[in-house]
Structure formats: structure tokens, C-alpha cells
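Heads up: the structure comes next, in C-alpha cells.
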Amino acid sequence: MYRHSPLSLLAVAGLLLLSSACSKNNEKEEVLPELGLCKPVSLSSRLNYNSASGEYTYTTSGGGKISISLSSTIKIGHRDYEGFGIELWGTLTTSGGIKLSGNHENLNGKHLKDRLGNRRTIVFPDGAKLTIVTKGPADEIISFSIYDVAESHHINFGCNTVEYSGQSAFVAKSLDDAEADGETATFELTATGLLLYNIYHEDEPGNKVYERVMLGELSRSQPNMVNDYFDDPRLGHT
């Protein structure tokens, strides 16, 4: 029978300790990106930018579609429901030119409501999130962030700069946890159509106040009909 010598056991123990130390060092080397400095990084994975149209596009891991035009509209769709679309639209003229506010919210062309507060988040059925930060309820967009499992992206709208774009579960969770979602909605694909509703407000990171508020509904059998369930007191037509 082969027996390990004390020296060989010490060597193995040393290798294990070295491996553990290297692993810990690698974890420590992963740092959070500095946001708000307009330092550009390369786009990665499923985030794309068309410089000719000024449009960012992204497809979530579960088939959600995001299209963001810097001077026009944010559009949200899904591969499993062709013809469905949430539009966050609206612009304003500033000293820096025409800026996207995205404060008006449509479902398939029907104006349901306007944004409440200065943050708006849409959660996709697969759990991916789009969080928009603005200067005010009807003011220009400052930034938007996408969180999708271990993948995350952050775009500074003020300087049109991608400040982070990568795949790191540590970075994605840390940035998501540190950013309040504000008014948050999700949409549910059903056998007959689609439901759109708010699920919570988060004005401070980690402090979610849950309340389900129906916003709108679509029916696959009646593609031109939108049921509007939200009465926005600021708007006479909702």
C-alpha cells in the first residue's frame, strides 16, 4: 500500500492554500465601474448601437426587445408577441438641443399615462430590467441601465457614452442593488394576449413598496384594441 510522506502532504496543502489565495485575489480584483465620468467602453454581447440613426438596441436572454432612439422614443417588444409594443416617448428642447424625455407611455399606440417621478423601470418576463433615470417626471433622460442575469450595460445620456458593458454577475448585482428602480412595471404574456401593470415603487435602493396597478391589456384576437385601465388625472384622455 502506498503511503503519503509528511513532505508530500505538506506540498499538497501548500498548493491548496496557494489556489485559495489566488481565487481570493481574483475576486478582489473585480471592481465596480465608475459611472458618470463619460469614460467610454466598448459595447459587448447583445447591446448594439447604430451611429447613423442614433439608436441603441438590445435583446434580452428571454426574447425581450429594447430599442432606444436618443431623440425620439424608447420601444419595448417581445419575440413571442409580434405587434406588441410599449412606447416611452416625448422630447424637449434644451440648450444642448433636442433631448429625449420619454415621459409619455403608450401601449400599442394608446396613450395610457405619463411617468410618475424621475425613475421608470420595466421588468421583462425573463427577469431582465430596463431602468431609466431622468431629471424629473417630464424632464430629460440622464441614463439608462440594462440588467439581464450576469450581463449589464449603462449608458450616460448626457454625453451619449456607454460607461459599462459586460458580463459579470458581481457587477450586475452590485449596480442593480445600488440603483433605485422608481416606478416599476412588468408585462405578462398570456394565452389570450398581454397584461401590463405596475408592481412596485422603489424610491430608495432596497425599499420596494409593492402594489399591483393595472395599466393596460391586449387581446391577440383583437389586435387593434387596447384596454386602458389607468386613469391619469393629469390627462383628460386616459
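The values are calculated or read from the model by the stated rules, or taken from the named source; none is laboratory data. Keep in mind it's a predicted model, so treat the numbers as computed, not measured. When we count neighbours, we look across all protein chains shown, and the Cβ atoms used for this are built from the backbone with ideal geometry, even at glycine. Protein only, heavy atoms only, side chains kept; ligands, DNA and RNA dropped before computing areas. Shrake-Rupley method; radii C 1.70, N 1.55, O 1.52, S 1.80 Å.
From THR73, THR57, grab the single residue that is over 19 Å from ASN198 (Cα atoms) and open to solvent by 40 Å² or more (accessible area, probe 1.4 Å).
THR57
Suppose we filter the range 77-89 for residues that are touching a strand residue (DSSP E or B) at 6+ places or on another chain (Cβ under 9 Å) and surrounded by fewer than 20 Cβ atoms within 10 Å (Cβ to Cβ); how many remain?
So the count comes out to 7.
Hey, can you tell me all the residues within the range 131-162 that are of a type in the set (S, T, N, Q) and open to solvent by less than 30 Å² (accessible area, probe 1.4 Å)? Can you show your working first?
As a first pass, look at the range 131-162 and keep what is of a type in the set (S, T, N, Q): 131, 134, 143, 145, 152, 156, 160-161.
THR131, THR134, SER143, SER145, SER152, ASN156, THR161, listed by residue number.
Does SER143 satisfy being polar (S, T, N, Q) and under 29 Å from THR93 (Cα atoms)?
In short, yes.
Is there a residue in the range 12-26 that is surrounded by 12 or more Cβ atoms within 10 Å (Cβ to Cβ) and at pLDDT below 95?
No, that holds for no residue.
Looking for whichever is out of contact with any Phe, Trp or Tyr (no Cβ under 6 Å at 6 or more places or on another chain), at pLDDT 95 or above and on the phi > 0 side of the Ramachandran plot here; the options are GLY85, GLY63. Which one fits?
When all the criteria are applied, what remains is GLY63.
What are the residues in the range 200-217 that are open to solvent by 70 Å² or more (accessible area, probe 1.4 Å), closer than 21 Å to VAL133 by Cβ and charged (D, E, K, R), if any?
ASP203, GLU204, LYS208
Residues ARG212, ARG120, ARG220: which one is within 30 Å of SER95 (Cα to Cα) and either without any contact (Cβ under 8 Å) to a residue 40 or more places away in the chain or not small (Gly, Ala, Ser) (or both)? Give the steps one after another, and end with the answer.
Numbers: ARG212 fails: within 30 Å of SER95 (Cα to Cα); ARG220 fails: within 30 Å of SER95 (Cα to Cα).
Among ARG212, ARG120, ARG220, only ARG120 is within 30 Å of SER95 (Cα to Cα) and either without any contact (Cβ under 8 Å) to a residue 40 or more places away in the chain or not small (Gly, Ala, Ser) (or both).
Need at least 3 residues that are of a type in the set (S, T, N, Q) and either closer than 25 Å to LYS135 by Cβ or under 16 Å from the mean Cα position of the chain (by Cα) (or both) per element, so show me which strands (runs of 3 or more DSSP E) inside the range 75-120 make the cut, counting only ones lying wholly within it.
Correct list: 86-94, 97-107.
Do you know which of the residues in the range 169-199 that are closer than 15 Å to GLU34 by Cβ and either at pLDDT below 95 or not aliphatic (A, V, I, L, M) (or both) is surrounded by the fewest Cβ atoms within 10 Å (Cβ to Cβ)?
SER174
Using beta carbons and a limit of 7 Å, which pairs, at least six apart or on different chains, have the first residue in the range 98-115 and open to solvent by 30 Å² or more (accessible area, probe 1.4 Å) and the second one outside any strand (DSSP E or B) and hydrophobic (A, V, I, L, M, F, W, C)?
ASN108/PHE84
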